Each structure stands twice: as structure tokens, then as C-alpha cells.
Amino acid sequence: MKSLNKTTIIGRLGKDPIEKAFPDGGKIVNVTVATSISWKDKNSGEWQEKVQWHNVCIKNTYIIEKVMQLNKGDLVYCEGDLEYRKYTGSDGIEKQITEIVVYPIRGMFDRIGD
């Protein structure tokens, strides 16, 4: 095997999915997924929690319709490629974003029971 770029997360949707359509007929869906870890603080004995937010871009046209039926707070399973890209914001400043991209065949995104 030459290399592998695969990220898997299970978490909750931070907002309802947002669909974007392009003039050529293509579509993508953007979502944010929150994952968290919890631990008991050694000194205070209190439970602590750390939440991480993940940007997800779904380019798998076979599952877009199903993803659009999901709602904020749903527990989801996501499997895709970790990618970095740059863009220029509305303020004219170049920014970098890290996202999980769900491609056809090698990606997956689905609601799971909770």
C-alpha cells in the first residue's frame, strides 16, 4: 500500500445540512459535526469535557438526498478523506480550512441510532 487518507468520526450535527448546487448540475452538502471526550479531573474530581468541531463536505451524490433529511443534533457516522484548502474570505483575507470530504465509493455518511 502506498498511503491511506481516511478519517472516521461519530458525533452530532451542529446545524442542519446546507446544500449547494452548481450550474453544471453538481451538488455538495456541508455539515458540521461535534465530537467530544470526557474525563474526570484528578484535582477537583469534576467531570470535564472537550468538544471538537469538524467541517464535512459531502460530494457523494448517492447519499446527499438522505443527508438532507438529517437535523441538528442527530448522531452521525462519517468516513472520508481529510483535506486542507485555502480560500479568500469576504474580508479579502486568505484563510485555510480543514475538512473531511466524503467522496463516492470511498466515503460514507449516515445517521446512527442513539
Among (1) assigned to a strand (DSSP E or B); (2) under 23 Å from Pro104 (Cα atoms); (3) open to solvent by 60 Å² or more (accessible area, probe 1.4 Å), Ser36 falls short only on (2)
By residue number, the members of the range 88-113 that are assigned to a loop (DSSP other than H, G, I, E, B) and open to solvent by 70 Å² or more (accessible area, probe 1.4 Å) are Ser90, Asp91, Ile93, Ile105, Arg106
Here the residues within the range 4-29 that are touching an Asp or Glu at 6+ places or on another chain (Cβ under 9 Å) and closer than 19 Å to Gly113 by Cβ are Thr8, Ile9, Arg12, Leu13
Checking Ile9, Ile18, Ile58 in turn, the sole residue that is among the aliphatic types (A, V, I, L, M) and either on the phi > 0 side of the Ramachandran plot or in contact with a Pro (Cβ under 9 Å, 6 or more places away or on another chain) (or both) turns out to be Ile58
Output for Cβ contacts, cut-off 7 Å, separation at least six or different chains, first residue touching a residue at least 60 places away in the same chain (Cβ under 8 Å) and assigned to a strand (DSSP E or B) in the range 11-30, second of a type in the set (Lys, Arg) and surrounded by 10 or more Cβ atoms within 10 Å (Cβ to Cβ), reads Leu13/Lys72
Within the range 50-103, the count of residues that are among the hydroxyl-bearing types (Ser, Thr, Tyr) and touching a residue at least 60 places away in the same chain (Cβ under 8 Å) comes to 1
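The values are calculated or read from the model by the stated rules, or taken from the named source; none is laboratory data. Everything numeric in this text was worked out from a predicted model, so none of it was measured. No Cβ is skipped: glycine too gets one built from the backbone with ideal geometry, and neighbour counts run over all protein chains shown. Ligands, DNA and RNA are excluded from the accessible area calculation, which covers all protein heavy atoms including side chains. Shrake-Rupley method; radii C 1.70, N 1.55, O 1.52, S 1.80 Å.
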